[in-house]
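Visitor: So that we are looking at the same thing, I have put the structure below in structure tokens.
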Amino acid sequence: MSNLGILVLDNFKDFGHKVQKHLEKIRNTDENYVIQIEPSRFSNGEGKMIIKDSVRGKNLFILSDIGNYNLGYEYHGQKHILSPDEHFQDIKRAISATCGHASKISLITPLLYESRQDRRKARESLDCAIALQELERLGVDNIITFDAHNPNVCNAIPNLSFDNFYPTNTILEYMLETNPNIFDDTLVISPDMGAMERARYYAEIIGCDVGVFYKRRDLSKVVNGKNPVVAHVYMGTDVKDKNVIIVDDMIASGGSVLEVAQELREKGAKKINIICTFALFTEGISKFKDAYYGHIFDALYTTNLSYIPEEYASFEWFNIVDLSELTAKIIDKLDRQESVSEFFDGRTDMFEKIKER
């Protein structure tokens with residue numbers, strides 16, 4: 001076994017603490033693998049990173065949540081919240097602070113930086129690809145992410161290991177444990193064409209049909225960086241009296257997924273559950289509270305792979321699925337140089353669990 005070290009950035013502290021606890025259990029040890037760091041910011045916005053413990057010869061795993069919007073600092077006397085750009089800069093600072101002494105560096109960033117800007121359609125930046133190439137130049141040996149918006153972005157770094165894991169099975173297990181009959185008479189819905197592959201995977205495991213909404217957009221306008229949706233057109237099996245599951249990788253403002261839920265309710269859907277890997281809520285959660293009490297949807301399931309305010313967990317309809325144990329298992333396997341294929345495809349076990357419900 002190599003000399004394992006975990007460097008947890010401040011934006012992922014709670015998650016990193018859970019990963020450490022799971023590693024202690026998996027390895028039957030009380031050894032602390034977390035490397036102490038000291039990040040700091042100057043009042044003009046510049047920053048630095050100091051590593052307090054030795055990393056020489058370590059097989060180092062850096063954990064970072066670039067979507068955390070709960071951290072800030074005093075910038076010219078004003079409160080400033082860290083953006084994904086600044087979180088990414090802190091990742092580079094952490095790598096630089098190792099001074100090349102780590103034997104291997106793996107970056108675990110569940111919400112992949114700039115993953116929504118993964119391809120070029122016009123004269124525009126290709127941010128995700130550029131970021132991945134920059135990490136390769138800095139000496140990162142392995143990129144580990146979850147439910148990448150477009151997994152094909154790994155083609156930007158063909159010589160670097162890029163592991164894209166999915167929380168599908170963990171989410172489905174949680175849903176079964178909390179409601180054994182949740183998949184009875186179910187239909188899986190993709191809110192747009194881009195999420196169809198993800199929805200199909202869920203449908204195949206559950207053993208049901210799949211439907212999709214086509215987003216008709218106004219290409220003459222750009223609002224908040226994208227063309228506004230004019231209408232959602234449904235294609236698929238009749239949803240009347242069905243238990244529907246809407247599946248997507250992330251919720252940003254949430255407008256589209258709630259419009260889809262409203263359409264499904266009007267078409268006669270019985271129960272409407274929403275699943276997303278990352279619940280960003282860029283415009284707050286009030287519209288979801290209103291939608292729940294307005295009987296537009298029944299429950300939302302998401303993960304703790306990116307920051308979620310503590311108070312959200314108190315809502316009866318809000319379900320957080322913990323992925324820290326899976327992350328710890330992945331770290332343990334990679335550190336032992338063992339196969340992680342079981343975490344890419346556990347559909348056989350999931351089939352059996354659903355059949356036995």
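The values are calculated or read from the model by the stated rules, or taken from the named source; none is laboratory data. All values reported here derive from a predicted model rather than from experimental measurement. Note that each Cβ is placed from the backbone with ideal geometry, even for glycine, and that neighbours are counted across all protein chains shown. These area figures cover heavy atoms from the full protein model, side chains too; ligands, DNA and RNA do not enter into them. Shrake-Rupley method; radii C 1.70, N 1.55, O 1.52, S 1.80 Å.
Visitor: Of a type in the set (A, V, I, L, M, F, W, C), farther than 19 Å from L176 by Cβ and at pLDDT below 95, is that true of A328?
Guide: Criteria not met by A328.
Visitor: Do you know which of the residues in the range 51-97 that are surrounded by 19 or more Cβ atoms within 10 Å (Cβ to Cβ), assigned to a strand (DSSP E or B) and of a type outside the set (V, I, T) is nearest to the chain's Cα centre (by Cα)?
Guide: Among residues in the range 51-97 that are surrounded by 19 or more Cβ atoms within 10 Å (Cβ to Cβ), assigned to a strand (DSSP E or B) and of a type outside the set (V, I, T), the one nearest to the chain's Cα centre (by Cα) is L63.
Visitor: Given (1) in contact (Cβ under 8 Å) with a residue 40 or more places away in the chain; (2) in a helix (DSSP H, G or I); (3) under 30 Å from D163 (Cα atoms), identify the lone condition not met by I246.
Guide: (2)
Visitor: If you don't mind, another one. Search the range 122-142 for residues being part of a helix (DSSP H, G or I) and of a type in the set (D, E, K, R), and hand back the single one that is surrounded by the fewest Cβ atoms within 10 Å (Cβ to Cβ).
Guide: Within the range 122-142, the match that is surrounded by the fewest Cβ atoms within 10 Å (Cβ to Cβ) is R137.
Visitor: Would you mind finding the one in I171, I182, I189 that is assigned to a strand (DSSP E or B) and surrounded by 14 or more Cβ atoms within 10 Å (Cβ to Cβ)?
Guide: One residue alone meets the criteria, I189.
Visitor: Under 6 Å between Cβ atoms, which residue pairs at least 6 apart in sequence (or on different chains) link something in the range 126-154 that is acidic (D, E) with a partner that is open to solvent by less than 40 Å² (accessible area, probe 1.4 Å) and assigned to a strand (DSSP E or B)?
Guide: From residues that are acidic (D, E), the pairs are D141/I105; D147/D249; D147/T277.
Visitor: Still on this model: Mind checking which residues of the range 310-347 are open to solvent by less than 30 Å² (accessible area, probe 1.4 Å) and without any contact (Cβ under 8 Å) to a residue 60 or more places away in the chain?
Guide: Of everything in the range 310-347, those that are open to solvent by less than 30 Å² (accessible area, probe 1.4 Å) and without any contact (Cβ under 8 Å) to a residue 60 or more places away in the chain turn out to be Y312, W317, F318.
Visitor: Just wondering, is there one or more residues in the range 257-267 that are in contact (Cβ under 8 Å) with a residue 40 or more places away in the chain and among the acidic types (D, E)?
Guide: Checking the range 257-267: at least one residue is in contact (Cβ under 8 Å) with a residue 40 or more places away in the chain and among the acidic types (D, E).
Visitor: Report the residue count in the range 199-211 for those that are open to solvent by 40 Å² or more (accessible area, probe 1.4 Å) and part of a helix (DSSP H, G or I).
Guide: Residues in the range 199-211 being open to solvent by 40 Å² or more (accessible area, probe 1.4 Å) and part of a helix (DSSP H, G or I): 3 in total.
Visitor: Residue by residue through the range 143-152, note down the ones that are open to solvent by less than 10 Å² (accessible area, probe 1.4 Å) and outside any loop (DSSP other than H, G, I, E, B).
Guide: I143, I144, T145, F146
Visitor: Considering only the range 10-50, state which residues are open to solvent by less than 60 Å² (accessible area, probe 1.4 Å), of a type in the set (G, A, S) and modelled with pLDDT under 95.
Guide: Passing the criteria: S40, G45, G47.
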